Amino acid sequence: MISKNPQLGKNRELQHLLTTEGLPTSILLQILDTAQTFVGVTEREVKKVPLLRGKSIFNLFFEHSTRTRTTFEIAAKRLSADVFNLNIAVSAQSKGETLLDTVDNLVAMDADMFIVRHSQSGAAHLIAKHVRPGIHVINAGDGRHAHPTQALLDVFTIRHYKKEFHNLRIAIIGDILHSRVARSQIHALTTLGVPEVRVIAPKTLLPSKVERLGVRVFHDMKSGLKDVDVLMMLRLQKERMQGAYLPSSEEYFKYYGLTPEKLSMAKQDAIVMHPGPMNRGVEIDSAVADGSRAVILPQVTFGIAVRMAVMSILAGQPV
Ligand code: CP
């Protein structure tokens, strides 16, 4: 059982970022507003600020990643931190060292912050509970549980294009069951006051009692996309599927793949988002992925400013 908020200190300040569940609106807005200031930095010729000079940040990625690992590294370097990417494949984990022993050894090398991706839900929580005060942990995706910085960069992107949260209808489409991104998005969007968050998926790809998260459930794109302002696509997470959830990828694309025809069922100015990696021809057609309504690559760019914001806020907390 993962305890709900070990990420907040005694004055409810952010000490670790582990999940968007239970994060106060004030902290979500603090991260978004701080990220906005860093967008200016990332657009300058000299893209560095000295906020994390002398800090040592360790990227611990036990699962593959393109966007998250790289943008955390860029963000840390732009804050002038020293960044170390542990090469898990050649680390002593392969000789049987435990996760916490690895962490203790990196702390002995003066680690200030850990960015953790792991296939086991709760891995980042475990490290956060283990390390001494003053060392911060950011969850970069744990199992099916949470991917908070992805959700934060998603809401940053939505605010950039749509300005407000209180008047939006947002649909999350695809493999909700296996998606840590969807869970983190739902918690962030509902906390920020989005009045209607929808999930659109076949029954086999929805968690039981998903409506308890505060979402409306749809099983078909036509009714689910009506009057929607933002479409958040998800890929089929086959690496977390045990058994058959769908007849075939082709069948899935026919009913849930986002084509220009299905996109026309949403509002005319609706934007299309995707956390990546995309599977073209499965959950999204190339004509949409590369089209004018897609904001998929801006999401990646905003991820740098959002991750700079999270790291700088954590590093600025009193011990
Ligand atoms: N969105 C996301 O987490 O992508 P990566 O797996 O490439 O980090």
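Numbers below:
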| item | result |
| --- | --- |
| CD proxy at 222 nm, helix term only [per DSSP H run n ≥ 4: -39500 (n - 2.57); per residue of the chain; nearest 500] | -10500 deg cm²/dmol |
| Burial ranking of peptide ranges 51-60, 165-174, 14-23 (average Cβ count within 10 Å, highest at the top) | 14-23, 165-174, 51-60 |
| Among beta bridges that DSSP assigns inside the stretch 1-121, antiparallel share in %, nearest 5 | 10 percent |
| Ranked packing of 228-241, 276-289, 175-188, most packed first, by mean Cβ within 10 Å | 175-188, 228-241, 276-289 |
| Under 5 Å, built H, 5+ apart or other chain: amide partners of Glu196 | Leu168, Ile170 |
| Ranking of Met308, Met221 by count of other Cβ atoms within 10 Å, fewest first | Met221, Met308 |
| Gyration tensor verdict on the stretch 142-298 (Cα atoms; rounded if a/c is under 1.5, prolate if a/b is larger than b/c, oblate otherwise) | rounded |
| The chain: radius of gyration and largest Cα-Cα distance (Dmax), Å | 19.3, 56 |
| Residue order, fewest to most surrounding Cβ atoms within 10 angstrom, among Met273, Met311 | Met273, Met311 |
| Nonlocal amide H pairs with His136, under 5 Å, H built at 1.01 Å | Met113, Phe114 |
| Shape of the stretch 1-86, Cα gyration tensor, a/c cut at 1.5 | oblate |
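Where a number appears in this text, it was derived from the coordinates with a stated rule and is not lab data. Because the structure is a prediction, the values reported are computed rather than measured. So basically every Cβ, Gly included, is an ideal-geometry build from the backbone, and we count neighbours across all protein chains shown.
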